[in-house]
1. Take R347 and decide whether it is farther than 25 Å from D239 by Cα and either of a type outside the set (D, E) or surrounded by fewer than 20 Cβ atoms within 10 Å (Cβ to Cβ) (or both).
2. What number of residues within the range 246-288 satisfy the criterion of being of a type in the set (G, A, S) and within 16 Å of I315 (Cα to Cα)?
3. Within the range 284-329, restricting attention to residues that are in a strand (DSSP E or B) and of a type in the set (G, A, S), which residue is farthest from V434 (Cα to Cα)?
4. State the number of residues belonging to the range 342-379 that are part of a loop (DSSP other than H, G, I, E, B), of a type in the set (K, R) and at pLDDT 80 or above.
5. Given the conditions (1) aliphatic (A, V, I, L, M); (2) in a loop (DSSP other than H, G, I, E, B); (3) under 30 Å from D97 (Cβ atoms), and given that M339 satisfies all but one, which numbered condition is not satisfied?
6. Look through the range 145-179, keep the residues that are part of a loop (DSSP other than H, G, I, E, B) and of a type in the set (S, T, N, Q), and return whichever of them is surrounded by the fewest Cβ atoms within 10 Å (Cβ to Cβ).
7. So, restricting to strands (runs of 3 or more DSSP E) that lie completely within the range 95-144, which ones have at least 3 residues that are within 25 Å of the chain's Cα centre (by Cα) and at positive phi?
8. Do you know which of the residues in the range 434-491 that are polar (S, T, N, Q) and touching a strand residue (DSSP E or B) at 6+ places or on another chain (Cβ under 7 Å) is surrounded by the most Cβ atoms within 10 Å (Cβ to Cβ)?
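The values are calculated or read from the model by the stated rules, or taken from the named source; none is laboratory data. Quick caveat: nothing in here was measured; it's all calculated off a predicted structure. All Cβ positions, even for glycine, are placed from backbone atoms using ideal geometry, and neighbour counts span all protein chains on display.
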Amino acid sequence: MHLFPKTNISSNKHQNDVILIACADGKFHIVNNNGRIEKTVNAHQGACLATQWSPDGAGLLTAGEDGFIKIWSRNGLLRSTVIQSDVPCYGAIWSPDSNAILYTKSNTLIIKSLNSNSKINKWKAHEGIILCVAWNANNNLILSGSEDGYSKIWDSFGQQISVSVKHDQPITSVSWSPAGDMYIIGSYNLIRLCNANGWSHCLDRPSTGSIYSIAWSSDGTQLAAACANGHVLFAHIIDREYTWKNYVCTQTGRKVVSIKDLLTDQNDQLDYPDRVIQIALGFNHLVIATVKQCFIHKLTSWNTPVTFDLKEGTISMILLAERCICVIERAGISVYSYMGRLLATPRCGSRPETLGRAAVSLGPDSFAMVDQADRKSSQVLSITWSADTELLVGLRASSVVAWCCARAATQPDWLALTTISKDISDLGRNPSIVSIVDGIVCICRGNGSLLHLSLAPFPEKLLKHVASNMWQEALQLCRTVEDETLWACLAVLAWQYNQLAVAEEAFALIHQYYQVCYIQHLRVCTSDESFSPVFK
């Protein structure tokens with residue numbers, strides 16, 4: 001059973017509220033929101049074991065006991081039979097971009113692109129038959145469960161990210177949360193919640209028999225599970241904890257959030273009229289998003305929050321910066337002030353709700369995002385702005401990169417001069433950047449341990465001097481350190497802020513003589529104090 005995905009391909013809401021149901025007799029049904037069967041198709045010989053709408057809503061696929069995988073139009077007309085196998089196919093799903101299909105064949109996982117020129121990617125994933133698979137759009141990771149009792153996480157190239165402990169019974173269902181930060185596995189009388197790296201958060205043993213299917217709500221706060229005894233389990237994610245300096249915030253109930261000051265040992269409890277979806281704590285503010293509204297609390301005053309209505313109830317992420325907040329939902333990306341005023345609506349090529357937390361970051365006055373359309377070219381696993389300055393840090397497979405002057409992105413040669421890279425190993429699979437403070441980068445390894453790396457302390461100090469308009473102190477820092485990258489940062493920043501004397505000295509010391517001559521030409525040719533040079 002699969003509900004039609006929420007897309008913008010049709011303005012008729014009821015036309016999109018349709019359910020796809022696979023049956024043991026080989027048929028699938030398309031049912032509308034009133035429960036009426038709109039279409040019945042005889043798809044397979046034997047049971048129809050898997051069915052799913054494509055993420056873009058343009059079609060659907062079915063997999064059967066006969067080993068066939070077929071693609072159908074949205075109205076149930078056969079387009080093609082993409083796979084003909086001699087063994088039953090227990091799992092088949094679309095890729096996040098709807099351009100490929102992941103399916104199981106005994107103990108093997110296979111990714112088949114719908115582009116005829118692309119090569120098939122297949123690998124042995126388990127020792128037993130694979131019973132269930134899931135593919136997340138945010139982290140682009142694949143989750144599989146098998147009769148051997150293991151669940152495993154893979155990237156789209158077939159490299160193993162993590163493997164679970166061995167369970168006593170086969171894994172019968174797996175499901176990623178929409179944000180990709182957690183997943184659920186189901187087995188016989190067992191349901192387990194894990195984080196994206198495979199660490200177990202919670203384990204429950206309901207007397208329900210095998211759990212055959214698990215589905216998350218679109219906001220990632222609730223889930224439902226279909227059980228062998230005919231029951232349906234419902235669960236809500238609570239006890240999420242957030243920290244900032246001496247404050248700890250914990251969601252203790254569906255509509256209840258508690259906040260504690262560790263210095264004064266003061267506890268406060270905040271109740272909300274609707275279910276809490278997202279929480280963000282930082283920069284002296286606590287931001288709570290419910291189904292309908294967003295509440296902005298100051299840490300000094302809990303009783304008078306700023307509120308504004310949300311465009312849609314499905315929020316995937318809230319990002320905080322010193323002067324603004326960013327709300328990412330299905331309707332788009334919105335940047336607000338802490339007074340609740342809409343400041344900007346950045347555009348992105350992909351669906352906003354598919355952006356993972358590692359792929360976006362909000363700076364003091366900038367928004368950075370990893371290009372989701374071409375993951376192979378970017379090779380950036382995680383990006384984060386510094387908490388205090390415009391220092392942007394990115395994490396690659398075996399190195400950490402700091403773009404000390406991200407504004408120089410329009411000038412490739414200047415960007416190269418202001419970039420610091422440091423090789424690093426033993427990060428494990430799926431690492432991420434936690435924070436950047438005073439040029440010290442905190443990285444979470446694949447095994448959950450934290451690594452603190454001194455990457456750009458002097459550029460961070462320089463950026464603070466420039467933000468405070470302390471140009472002489474910035475010059476003194478560069479003269480003391482005598483580092484070419486630091487001089488390059490000062491040169492670019494001074495040029496942007498029209499500090500020609502400082503820029504001339506800095507460009508000379510990094511051997512950018514054409515720029516020095518240009519600055520000297522400007523200083524000679526004009527005495528107009530209002531003159532502002534163009535970013536060259």
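1. In short, yes.
2. Of the residues in that region, 1 qualify.
3. Per the criteria, the residue is S301.
4. Of the residues in the range 342-379, 1 are part of a loop (DSSP other than H, G, I, E, B), of a type in the set (K, R) and at pLDDT 80 or above.
5. Of the numbered conditions (1) aliphatic (A, V, I, L, M); (2) in a loop (DSSP other than H, G, I, E, B); (3) under 30 Å from D97 (Cβ atoms), the odd one out for M339 is (3).
6. If we take residues in the range 145-179 being part of a loop (DSSP other than H, G, I, E, B) and of a type in the set (S, T, N, Q), then Q159 is surrounded by the fewest Cβ atoms within 10 Å (Cβ to Cβ).
7. Here the list is empty.
8. T485
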